[in-house]
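Where a number appears in this text, it was derived from the coordinates with a stated rule and is not lab data. Here the structure is a predicted model, which is why all the values come from computation and not from measurement. We place every Cβ from the backbone using ideal geometry, glycine too, and count neighbours over all the protein chains shown.
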Amino acid sequence: MKRPSPAPPARPAAAPPAAALTALTALTVLAALVVLPSGPAHAFTGDHHEDITRRALPWQPATLAEMADARDGAINANDKSPYFHLGPLHCDNADYLSPRHAPDYPRTRDQATTELVACVGTSVARFRNAVRAADGLVDADGRVRADQTDLSTHCTWDERPAPAKCAVLEQLGRGWHQLEDFYAHSNWADEAAPGPTGITNPPGLGRTGVVPFFDIRRYSGMEDADWNREVRAIVPEDLASGCYPDFDSTGVEPADCDGRVAHNRDLNKDTPASARSRTGENFRRATAGATAEITRQWKAFEEELRAAYPEDGRGDRMVCALVHDDPVADCPSG
């Protein structure tokens, strides 16, 4: 479904610097300054986010529903206000065309890459938070904590203190959403329509593998400046995501996307009906890429828990507690 232009929001008093959005604390400050009504699904619809996430995760039903549900799952929490209107949470606004495709394009490669770095940064911050929150799943003796893993009451995705399982799911869902969006928003895996390439028909990269600069687990253990440099060094020259009138990493909201590769018109693969989706197998490639990405991200998180909490098999039981609906029974210690 196409995203309509949102109603004009109140401006933040001051825009944070671009680098600030690589830290979740600065992103939260920006979110608190933007008070907006809820919008429709951003990039993939909620149903498509659900389908992708369900295919990617080998979890038991109740836990999987908490993560993947089209309306209330953690994977769709970023599509609620005010997160809906923050471009880095959807990998928006990394639009760029090289001179061979559009002479005098109004954005530079560096500006576009800055938005990708900000997008990656939000996922890195969420990964770190999720690892910390997982410590509450299991007690010091290695036993799963019933009070921290019970899902008889649905989780609430409001960034407030919560039982450890809900806290971990919220951090993972909010960190994975933009990685799924990237495949729908960008030209990473797709192809251009027949004919000349340009602003309304950006070149497609046709990549079939997962994105190398979504190495979130490894980046989480690095200094931000170091992984920032790595991302900038490996972003392909012709990579672009669409311009959308939400807040970019500098806190600026473009009035429109005239003269730029636009999300709605030119590049999105939100549904099979979008213009870009109807070229070749673009929609299938976007969903397949996003599914493979979340499979990779979950495996990386499992590995990190086992590495971060090796004593007495605590990490193993944390993983078990996240996958199972009744982890006290299904994940015994000793």
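Between 151, 328, 201, whose Cα lies farthest towards the positive end of the dipole of the chain when Lys and Arg beta carbons carry +1 and Asp and Glu beta carbons carry -1, centred on the Cα centre?
It is 201, whose Cα lies furthest towards the positive end.
For Cα pairs less than 8 Å apart in space and 6+ apart in sequence, what is the mean separation divided by the residue count of the chain, i.e. the relative contact order in percent? Each step should come with its number before you reach the end.
Details: 647 pairs, mean separation 84.9, N = 334.
RCO, the chain: 25 percent.
Is it possible to state the helix-based mean residue ellipticity at 222 nm for the chain, with each DSSP H run of 4+ residues giving -39500 (n - 2.57), the sum divided by total residues, to the nearest 500 deg cm²/dmol? What is it?
Values: 11 runs with 138 residues, N = 334.
Using -39500 (n - 2.57) per qualifying helix, the result is -13000 deg cm²/dmol.
Starting with the highest mean, order 258-270, 300-312 by the number of other Cβ atoms within 10 Å, averaged over the residues of each peptide. Walk me through the numbers before you get to the answer.
Details: 258-270: 22.1, 300-312: 16.6.
Result, highest mean first: 258-270, 300-312.
Assuming R0 = 51 Å, what is the FRET efficiency of residue 328 and residue 223, from their Cβ-Cβ distance, to the nearest 0.05? List each step's numbers first, then the result.
Values: r = 39 Å, r/R0 = 0.76.
FRET efficiency, residue 328 to residue 223: 0.85.
Find, to one decimal place in angstroms, the Kirkwood hydrodynamic radius of the stretch 228-334, where the mean of 1/r is taken over every pair of different Cα atoms and then inverted.
Working: mean 1/r = 0.0556 Å⁻¹.
Over the stretch 228-334, the inverse of the mean reciprocal pair distance is 18.0 Å.
Express in nm, to one decimal, how much length is gained between residue 258 and residue 281 on full extension, taking 0.36 nm for each residue of separation and deducting their alpha carbon distance.
On the way: separation 23, 0.36 × 23 = 8.28 nm, distance 2.75 nm.
In short, 5.5 nm is gained.
Restricting everything to alpha-carbon atoms, can you work out Rg to Rh for the chain with a Kirkwood hydrodynamic radius? Could the numbers behind the result be given before it?
Values: Rg = 19.6 Å, Rh = 20.1 Å.
We get a ratio of 0.98 for the chain.
Hey, fewest Cβ within 10 Å first, where do 80, 165 land in order? Can you show the working numbers first?
Values: 80 14, 165 25.
Neighbour counts put them in this order, fewest first: 80, 165.
At a Förster distance of 56 Å, what's the computed FRET efficiency of residue 299 paired with residue 104, Cβ-Cβ distance as r, to 0.05? Present the calculation step by step, with values, prior to reporting the outcome.
Working: r = 44 Å, r/R0 = 0.78.
In this case the efficiency is close to 0.80.
When Rg is the radius of gyration of the Cα atoms in the stretch 202-264 and Rh is its Kirkwood radius, what does Rg/Rh come to?
Numbers: Rg = 14.5 Å, Rh = 14.1 Å.
Looking at the stretch 202-264, the ratio lands at 1.03.
Would you order 243, 257 from fewest to most other beta-carbon atoms within 10 Å of each residue's own beta-carbon?
On the way: 243 30, 257 20.
The most exposed by this proxy come first: 257, 243.
Multiplying the sequence separation of residue 158 and residue 237 by 0.36 nm and subtracting their Cα-Cα distance, what value in nm do you get?
Gain on extension, residue 158 to residue 237, equals 24.7 nm.
Given 37 °C and 0.692 mPa s, how large is the Stokes-Einstein diffusion coefficient of the stretch 120-176 in µm²/s, with Rh as the Kirkwood radius over Cα pairs?
Numbers: Rh = 11.6 Å.
The Stokes-Einstein estimate is 283 µm²/s.
When the Cα centres of the stretch 71-148 and the stretch 235-306 are compared, how far apart do they sit, in Å?
12
Amide H neighbours of residue 138 under 5 Å, at least 5 residues apart or on other chains, H built in the peptide plane: list them.
Those qualifying (amide H under 5 Å, at least 5 residues apart or on another chain) are 145.
Neighbouring Cβ atoms within 10 Å as the yardstick, rank 54, 218 fewest first. List each step's numbers first, then the result.
Details: 54 19, 218 12.
Placing the least packed residue first, the sequence is 218, 54.
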